[in-house]
Amino acid sequence: MNSTPRKIGILGAGGLGRNAVSVLAKKTEFLPVALVDSKGVAYRAEGIRPADIEGLPIGETVAMLAEIGRETSDPVGEILKLNKAGALEAVFIGIPNLPNDNLPRVIERLCDGGFRGVAVDALKRTTAVEAVVALAPKIEASGMVYVTGAGATPGLLTAAANLAAQSFSEVESVDIRFGVGIPSWESYKATVREDIAHMPGYNVEAVRAMTDADVESLLDELDGILRLEGMEHADDILLERAGVVQAAKVTVGGIVDTRRARKPISTHMTLTGVTFEGKRSSHTFTLGDDTSMAANVLGPAFGWMKAGMELRARGIKGLFSSADLMPKFVR
């Protein structure tokens, strides 16, 4: 990539969106110029810095940010206007995934609005990614490059499974286990709500109806620990689309501690298969316990954004996933 930083936007100003600004503060190739939430947009052509948002209370709109923030009733429209004006060429989408059609609607709007850059999401639920995949013809016709499921899981661990599969003639199973520790659920409300929707007795509709007080009451009952099994995570369909393994042979589960920063378990992916010699074996890829959820989601997401930019520069367009591309390290 050239020496001039590539200007990008961040759609969503929750925990991931705000941490995206901090991640990119350590990089020279990408410059975040826009941070947009449901009520406001913050924009500075010279870049948004962590210091600009560090005093913004959790849950408050970026419209409150002095000098760079203002109110808006059309956050996606703000991204479209900035892209059309040449003020940004890519966007990381970190908005809540509930309901399942929330992000697909945003993608349709980008397509219809003439977005011509690169867009990357950290979408998790299988049904939501299936809705994105259904938009593949529209995405390609729009001229953009879109990478879905580009976080940690799906994302980093999906790509690791694809790479690990190369040692085997047949892949028998892929099992993903993650541990997440966050000191306060308020910092990642949307993510915690999504996780609750995977628990027995809960679904997307039930969680959408829960107030913050309801969520806090549930977390009190569970001592802040969410134990998740058989999750509807899109690693399954992405690995199936890539020809690695049938979706039914992919399992995802984990433990989320919403009161302590330390990970309750190490995050890892185990792929089991049979080699050409007929031997059964497994590869395991384990993430360091001191890498946070934000680091493991956002670092890969921007790596896939860079890969998407390189594809677009070569005249390639359309829908890709974390199982289709290797991310490129953002310096």
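Annotations for the structure displayed:
- Kyte-Doolittle mean at least -1.0, axial Cα span of 20 Å or more - DSSP H helices of the chain: 293-313
- The candidates 146, 202, arranged from most to least accessible area with a 1.4 Å probe in the full protein assembly, appear as 202, 146.
- Charge dipole of the range 196-310 (Cα centre as origin; +1 on each Lys and Arg Cβ, -1 on each Asp and Glu Cβ, all else neutral): 520 debye, rounded to the nearest 20.
- Cα centroid of the range 164-185 to Cα centroid of the range 225-264, whole Å: 7
- Mean accessible surface per residue for the chain, computed with a 1.4 Å probe while every protein chain stays in place, in Å²: 43
- Counting only protein heavy atoms and using a 1.4 Å probe, the accessible area of residue 216 comes to about 80 Å².
- Of the residues 179, 157, 167, the one whose Cα sits farthest toward the positive end of the charge dipole of the range 142-292, with +1 on the Cβ of Lys and Arg and -1 on the Cβ of Asp and Glu, is 167.
- Relative contact order of the range 128-279: 40 percent, from C-alpha pairs under 8 Å at least 6 residues apart in sequence.
- Residue among 258, 99, 48 farthest towards the positive dipole end of the chain, charges placed on Cβ: 48
- For the options 149, 299, 278, a Gaussian network treatment of the chain with springs between C-alpha atoms closer than 10 Å singles out 278 as fluctuating the most.
- Unit charges on C-beta of K, R, D, E only; dipole of the range 36-91, Debye: 160
- Ellipticity at 222 nm from helices only: DSSP H runs of n ≥ 4 in the chain, each -39500 (n - 2.57), divided by the residue count, give -9500 deg cm²/dmol.
- The listed residues 156, 65, once ranked by accessible area (1.4 Å probe) with the largest placed first, stand as 156, 65.
- Rounded to 5, percent antiparallel among DSSP beta bridges of the range 1-140: 30
- Unit charges on C-beta of K, R, D, E only; dipole of the chain, Debye: 1200
- Heavy atoms of residue 92 accessible to a 1.4 Å probe, total area in Å² rounded to 10: 0
- The value of relative contact order for the range 35-165, using C-alpha pairs under 8 Å at least six residues apart, is 19 percent.
- Accessible-area ranking of 306, 124, 39, largest first, probe 1.4 Å: 39, 124, 306
- Here the accessible area of the chain is 51 percent carbon and sulfur, with a 1.4 angstrom probe and all protein chains present.
- Taking every C-alpha pair closer than 8 Å and separated by at least 6 residues, the mean separation divided by the residue count of the chain gives a relative contact order of 21 percent.
- Kirkwood hydrodynamic radius over Cα pairs of the chain, then Stokes diffusion coefficient at 37 °C and 0.692 mPa s, in µm²/s: 163
- Of the beta bridges in the chain, as assigned by DSSP with both residues counted there, near 45 percent are antiparallel.
- ³J(HN,Hα), Karplus 6.51/-1.76/1.60, whole Hz, each residue of the range 243-260, x for Gly, Pro: x, 7, 6, 5, 4, 5, 9, 10, 10, 9, x, x, 10, 10, 9, 8, 10, 9
The values are calculated or read from the model by the stated rules, or taken from the named source; none is laboratory data. None of these values were measured; they are calculated from a predicted model. Cβ sites come from the backbone with ideal geometry, for glycine too, and all protein chains shown count toward neighbours. These area figures cover heavy atoms from the full protein model, side chains too; ligands, DNA and RNA do not enter into them. Shrake-Rupley method; radii C 1.70, N 1.55, O 1.52, S 1.80 Å.
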